[in-house]
Amino acid sequence: DGPAVWERGNPTSGPWGAHVGSNCVATVLGGNYPDGNLDTRLESPRFVVPGAEEHPRLRFWHWYAFGSGDSGSVQIRVVGSNTWETLASYSTYSGWYWLYPSLDLSAYAGREVQLGFLLSIRAVNYQSYDVGPGWYIDEILVVRSEPAVMDPVSAPISFEGETSPEFWSRWESTKGVWEMGVPTTVP
């Protein structure tokens, strides 16, 4: 089956610690993940997504640094289906910071699902491999929340109809380069 990739414990490489506490899950806690062409998925227990009126969102902390050509994908699967759907994908590195994404689960409201964290390792130039410390995940949570006023997923920010002078009292522009209106040139 190959080497174990997903581990739970205290990281001694990558971010050199969990986001909170001492444990997280990671693609090898003490070094780089293995090279080769490999897809490995960490799968959650089954759970029912809260109703759409509760605006369910997946929140989790993660830190990642992938080798060239490698990536991580957050996936979801409706129980009874063999199809994993990708909610978000990540490549390269997280800027050496723990990040806290917010992924909309409304399309799965009321359904029994599983989450998957898929690490895809790919050969570079089909000859050599390039790996990294991998993917570290902590504090996975499904939250119920109201859509944020400036949440482009549930309430897109549109500048249509914004003709009032109050627009510039809510938004700011440094150095005076930004304008609002109908473009007069074509790129």
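The values are calculated or read from the model by the stated rules, or taken from the named source; none is laboratory data. Just so it is clear, the structure is predicted and the values come from calculations on it, not from any experiment. Backbone-built Cβ (ideal geometry, glycine too); neighbour counts: all protein chains shown. Heavy atoms of the whole protein, side chains included, go into the accessibility calculation; ligands, DNA and RNA do not. Shrake-Rupley method; radii C 1.70, N 1.55, O 1.52, S 1.80 Å.
Here are a few things to note about the model shown:
- Cβ pairs under 6 Å, 6+ apart, first in the stretch 50-73 and at negative phi, second of a type in the set (Val, Ile, Thr) and surrounded by fewer than 19 Cβ atoms within 10 Å (Cβ to Cβ): Arg57/Val143; Arg59/Val143; Phe60/Ile140; Ser68/Val124; Ser73/Thr86
- Summed over the stretch 12-26, the residues that are over 20 Å from the mean Cα position of the chain (by Cα) and open to solvent by less than 50 Å² (accessible area, probe 1.4 Å) give a count of 1.
- Matching residues, the stretch 24-44, being touching a residue at least 60 places away in the same chain (Cβ under 8 Å) and in a loop (DSSP other than H, G, I, E, B): Val28, Gly31, Asn32, Tyr33, Pro34, Asp35, Gly36, Asn37, Ser44
- Residue satisfying all of: in the stretch 27-53; farther than 20 Å from Pro133 by Cα and among the aliphatic types (A, V, I, L, M); surrounded by the most Cβ atoms within 10 Å (Cβ to Cβ) among these: Val49
- Restricting the stretch 71-91 to residues that are hydroxyl-bearing (Ser, Thr, Tyr) and exposed (fewer than 15 other Cβ atoms within 10 Å of the Cβ) leaves a set whose member that is nearest to Gly36 (Cα to Cα) is Ser91.
- Test: residue in the stretch 51-62 that is assigned to a strand (DSSP E or B) and farther than 22 Å from Ser145 by Cβ: no
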